[in-house]
Amino acid sequence: MAEFLFLYGLFLAKAITFVLAAAVATVLVVGLSRRGAAPGGLTVEKLNDRFRETAGELRRAVLGKAGWKKLAKQEAKERKAREKALASGTEQRQRVFVLDFKGDIRATAVASLREEVTAVLAVATASDEVVLRLENFGGAVHEHGLAASQLARLRSRGIPLTAIVDKGAASGGYMMACVANRIIAAPFAVVGSIGVVAQIPNFNRALSERGVDFEQVTAGRYKRTVTMFGRTTEEDRAKLREELEEVHALFKAMVAQNRPALDIEAVSTGEHWYGTRALELRLVDELGSSDDYLLAAAGRADLFRVSYRARHSLPEKIMAAVRAAAEQAELWIGQRRQERSLP
């Protein structure tokens with residue numbers, strides 16, 4: 001009885017969270033629509049200008065009016081000379097295209113990523129570089145596989161790809177990161193988790209005790225195996241394990257192909273490591289942050305941040321917000337169940 005009440009409480013909490021999230025999302029999106037949402041499409045920002053403006057504000061305060069004018073005049077002279085050299089063709093300056101990917105369970109950012117990669121491929125050459133600032137702790141296999149495939153388009157064209165992990169690239173996130181020619185991670189970034197998991201709550205016993213039958217009609221021996229409401233047999237569990245092992249084998253093969261120096265059996269246990277240990281295991285190539293890397297690159301290259309924002313109707317915005325809130329609620333409930341099961 002206690003177990004049923006706990007499960008029912010979790011289900012009720014999820015339902016209430018979903019309803020509240022829907023209400024909040026509706027209010028927020030309607031408010032935004034009245035003010036006028038930002039237009040969609042491709043946006044390109046030159047990061048060199050942003051860095052220069054940020055540093056300029058501080059220098060202005062530190063150097064004083066006279067010192068600032070002198071420095072600004074010198075920088076303007078150098079910038080003009082550099083632009084003249086570029087225009088005449090006597091100097092070729094590298095271009096670095098910066099992409100951002102913030103993952104979720106369904107890797108919804110892949111819709112923007114494919115547009116950004118397509119745009120970069122239209123202008124980039126092998127002498128340029130793409131930097132991916134990656135924050136992704138994994139989720140659905142096929143969604144993250146598609147995201148990794150988008151990055152593979154860059155490598156297949158010979159364009160150097162650097163993935164920088166400031167917070168985490170685990171599971172599906174590492175599936176994406178391993179495609180890069182080089183991986184840089186912050187010392188405490190979470191890296192790895194080369195494994196596969198399936199978590200499915202089952203309410204069959206609770207329903208049966210209350211005289212509720214669950215009917216499921218299928219055609220095909222393995223059309224449905226482990227479900228939320230059906231009775232799970234050992235054959236069902238064995239089939240699910242077989243499917244997970246198959247996905248795991250594909251995941252390992254992909255990582256091994258892109259990073260042949262790895263001891264794939266040692267790192268494909270499903271564990272994750274922080275950046276310093278990941279470097280020792282060769283999961284990453286360097287330690288560092290995206291801020292340091294881009295600031296250093298700004299001295300030798302032109303940096304362009306490329307981002308794509310899809311145009312969505314109001315109903316699509318509401319459903320996207322509700323879906324994201326529901327996924328977060330489901331993740332929270334799963335974590336609470338896991339904590340409860342710990343000794």
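Since every read-out is calculated from the coordinates, none of them should be taken as a lab result. For clarity, every value in this text was computed on a predicted model and none was experimentally measured. Note that we place each Cβ from the backbone using ideal geometry, even for glycine, and neighbour counts take in every protein chain shown.
Percent relative contact order of region 131-249, based on C-alpha pairs within less than 8 angstrom and at least six residues apart? Spell out each step's value before the answer.
Values: 168 pairs, mean separation 25.6, N = 119.
Relative contact order here is 21 percent.
Once the chain from Thr276 to Ala249 is taken as fully extended at 0.36 nm per residue, the excess over their C-alpha distance is 7.1 nm.
As a quick test, which of the pairs Lys46/Lys70; Lys80/Lys102; Lys46/Lys167; Lys102/Lys223 have an alpha carbon distance above 29 angstrom in this structure?
Values: Lys46/Lys70 25 Å; Lys80/Lys102 37 Å; Lys46/Lys167 24 Å; Lys102/Lys223 33 Å.
Over 29 Å apart, Cα to Cα: Lys80/Lys102; Lys102/Lys223.
For a test of the definition: using alpha carbon positions, the gyration tensor, and the 1.5 limit on a/c, classify region 235-315 as rounded, prolate or oblate. Oblate, since a/c reaches 1.5 and b/c is not below a/b. Scoring 198-205, 187-194 by mean Cβ neighbours within 10 Å over their residues and listing the highest first yields 187-194, 198-205. The residues neighbouring Arg182, those whose beta-carbon lies less than 9 Å from its own, together hold a net charge of -2 under the Lys/Arg +1, Asp/Glu -1 convention. Each peptide in 245-253, 215-223, 165-173 was scored by the mean count of other Cβ atoms within 10 Å over its residues; highest first, the order is 165-173, 245-253, 215-223. Specify whether the C-alpha gyration tensor of region 169-258 places it in the rounded, prolate or oblate class, a ≥ b ≥ c being the square roots of the eigenvalues: rounded for a/c under 1.5, otherwise prolate if a/b is larger than b/c and oblate if not. Taking the square roots of the gyration eigenvalues as a ≥ b ≥ c, region 169-258 is prolate.
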